[in-house]
1. Would you mind listing how long the stretch 181-323 runs along its three principal axes, going by Cα atoms, in whole Å with the largest first?
2. So how strong a dipole does the chain carry about its Cα centre when Lys and Arg Cβ are +1 and Asp and Glu Cβ are -1, to the nearest 20 debye?
3. Of the beta bridges DSSP finds with both residues in the chain, what % are antiparallel, to the nearest 5?
4. Would you list E161, E239 from the most to the least accessible area, probe 1.4 Å?
5. Could you tell me how far the Cα centroid of the stretch 152-172 sits from the Cα centroid of the stretch 280-358, in Å?
6. Taking all protein chains together and a probe of 1.4 Å, list E391, E214 from the most accessible to the least accessible.
7. Leaving out ligands, DNA and RNA, and with a 1.4 Å probe, what % of the accessible surface on the chain is carbon or sulfur?
8. Roughly how tilted is helix 12-21, in degrees to the nearest 10 and between 0 and 90, from the longest Cα axis of the chain?
Amino acid sequence: MIVKSDPLSRQPDLRKTVMNMHVATGAVTLAEKGLHLPIADGRQAYFNYYWLRDNCPSSFDSKTRERSFDIFHLSEAPRAASADIEGDALIIRWAGENHVSRFPLSLLALYTEGKHRPDPADLPRKAWFSDHYPDIPRFSQPELLRDPKKVAEWLEAMIVEGLTIVTDMPDSNEGLTETVKLMGHVRPTFFGEYFDVKTHINPTNTAYTAKALELHTDTPAEEHAPGIQFLHCRANTVEGGMSIYSDGVAVANAFREIDPEGFKLLSEIDIPFYCEHDTYDMRSRQRVIELDKHGEVSGLTISQHMADLFDLPQTVLDDYYPAFCRFGKMLQDDRFMMRFLMKAGECMVFDNHRIVHGRMAYSATSGDRYLRGCYADREEMRSTYRALTTEGRFKA
């Protein structure tokens, strides 16, 4: 069950500091550029005057939830005329201004050590392997439309596992749009807002043929490829055409263990991608292995049919290409690669910066195979998750 999160519970040290600051005693010391605030155990916390003036609680509009104070309009550098602890708050009277700031000590405790603001959407990823199909989190589309708590559970599964199946989808274009809007908005690419995966007479993409489609992430030639992909299966009665998926986090973590030097190359060097046809010429440079702010693997950008000619120095390619090929083969290893047949009424929803996907070849004349797809932004999904599970800076 999803409950409102307590940001302090994610950082035990900050919780301890908050408790200590509630019982702080002693005088506040004013210095040239800031002040020293006594906390428990005889320790001092330092705060810069600019930061204090800029982040006075009165600086924020409770309705718009934006900062309404503009520090650029101060004629002089902010300086405290006096500062005292009164109960559970720090009171500052500013020199040269008719303004008094009242800071809850619990707020100041969050910023004593320059730690980043806790993020409820910064959840640890759970890697999965080839046997994961029965355990893929599944959510009924009608239930998602009815219950925001289920939406929160769905988005949490997306953040943690990167792949979910939405079931009971209506056989309509509108059904896909409704599902996307539960997390954000349809994010256009240079292909448009939606795409139809079926056999085309004059295909502009390998996906629009009956050929096998190797494991890949979509639209790597865009500077910022879309974060979440939706594939709604409307019909699938052909012979063959099994879907294949691998978790890039699981593969990259394993690659890091067996080939740390190769991992370093793939996570530090940009390579070129392209997508070119009569009316577009899209190009970008991406790193195959993506790392998050913690240095952990967050995903991949890889596509053999959209990789441009590598324009790196040939001596660099002496080491890069072998690592690139070793990693590509690992993606297709039976330990990691999940194979299954999509069913009509299912929608695969997955992180396009983490999950590599593809399909096996099929007989185009043996039946009907039709997938309708689109994208949404990964950060918009995380935003929706935060809004559903936490109160943010301002309580409702």
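1. Sorted largest first, the three principal extents are 44, 34, 34 Å.
2. 980 debye
3. Percentage antiparallel, nearest 5: 95.
4. The residues order as E239, E161, largest area first.
5. Centre-to-centre (Cα) distance: 22 Å.
6. Solvent-accessible surface, decreasing: E391, E214.
7. 50 percent
8. 20 degrees
The values are calculated or read from the model by the stated rules, or taken from the named source; none is laboratory data. All values derive from a computational prediction rather than experimental measurement. Cβ sites come from the backbone with ideal geometry, for glycine too, and all protein chains shown count toward neighbours. For accessibility, only protein heavy atoms count, side chains too; no ligands or nucleic acids. Shrake-Rupley method; radii C 1.70, N 1.55, O 1.52, S 1.80 Å.
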